[in-house]
Amino acid sequence: MIMWLIVLAGILFSFRVFPEKYIFPRTFISWIFLFLAFAYWAYLSLNAFKVHRKAPRSVFEIDKLVKEGIYARVRHPMYSGDIVFACAIFLFFPSIRVLVSVVWLTLVLILWMRVEEKALTEKFGKEYANYKTNTPMIFPKTWKR
């Protein structure tokens, strides 16, 4: 909850301070990116919630480390979806305000992921350290070795 308040405060600040000047025109491609990003966000978020219902809550409420399902492909699927969807929103509304908001959201989420990862490492120790070694943080690998 605190993280989203920080994100919201930054977005409100950017909309208050920066002009609504558009950087480039919106095209049909913007619609395609928005649709694909929404599908990516929905897929990751719904699968994360399906596999681990406590994931959206505080790290302190998580009682077991989940490494299957979508969590076998990426450590932070919901944040990954949020970042991709925010980038698509920028492509749909390509203004300076939205760009600053997306950068702010991404920075806050990355910092928050690092805080969560520290807490998860303290809570689950070597098991989480091994999981971090084998699973990407934000974007799933699309290829197999």
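Derivation of every value follows stated rules applied to the coordinates shown; laboratory data play no part. Just so you know, these numbers come straight off a predicted model, no measurement behind them. Every residue, glycine among them, receives a Cβ derived from its backbone with ideal geometry; neighbour counts consider all protein chains shown.
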**Request:** Give the total of Lys-Lys pairs in the range 1-112 with Cα-Cα distances below 25 Å; include a pair only if its members are 8 or more places apart or on different chains.
**Result:** 4
**Prompt:** Relative contact order (percent) for the chain, with alpha-carbon contacts under 8 angstrom and 6 or more residues of separation?
**Reply:** 37 percent
**Fill in**
Comparing Phe33, Phe18, Phe93 in a Gaussian network model of the chain (Cα, 10 Å), the one with the largest mean-square fluctuation is Phe18
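Enumerate by residue number the trypsin sites (Lys or Arg not before Pro) in the range 21-53 meeting two conditions: DSSP loop (anything except H, G, I, E, B), and at most 16 other Cβ atoms within 10 Å of the site's Cβ.
Details: sites: Lys21, Arg26, Lys50, Arg53; in loops: Lys21, Arg26, Arg53.
Answer in residue order: Lys21, Arg26, Arg53.
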**Prompt:** How many nm is it between the label spots at Met137 and Ala42, if each spot is 7 Å from the Cα in line with the beta carbon?
**Reply:** 3.0 nm
**Message:** Around Phe93, under 11 Å between beta carbons, what's the net of Lys plus Arg minus Asp minus Glu among the other residues?
**Reply:** +1
**Prompt:** aspartates and glutamates within cross-link reach of Lys118: Cα-Cα under 16 Å, excluding same-chain residues under 8 positions apart?
**Reply:** Glu61, Asp63, Glu127
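Which value at 222 nm does the chain reach when only helices count, each DSSP H run of 4 or more adding -39,500 (n - 2.57), with the total divided by all residues and rounded to the nearest 500 deg cm²/dmol?
On the way: 5 runs with 94 residues, N = 145.
The per-residue figure over the chain is -22000 deg cm²/dmol.
Determine the sum of side-chain charges near Met137: Lys and Arg each +1, Asp and Glu each -1, restricted to other residues whose C-beta is under 12 angstrom from that of Met137. Don't skip to the end; give the middle numbers.
Numbers: positive: Arg73, Arg75, Arg114, Lys132, Lys141; negative: Glu116, Glu117.
Around Met137, the surrounding residues sum to +3.
Taking GluC sites (Glu not before Pro) that fall in a DSSP loop and have at most 12 other Cβ atoms within 10 Å as cut points, what is the longest piece of the chain between them?
Working: sites that count: Glu20, Glu68.
It works out to 69-145.
What dipole magnitude, in Debye to the nearest 20, does the range 8-130 give about its Cα centre under +1 on Lys/Arg Cβ and -1 on Asp/Glu Cβ? Provide the component values of the computation, followed by the final result.
Working: 16 positive and 9 negative charges, 8 e Å.
For the range 8-130, the charge dipole is close to 40 debye.
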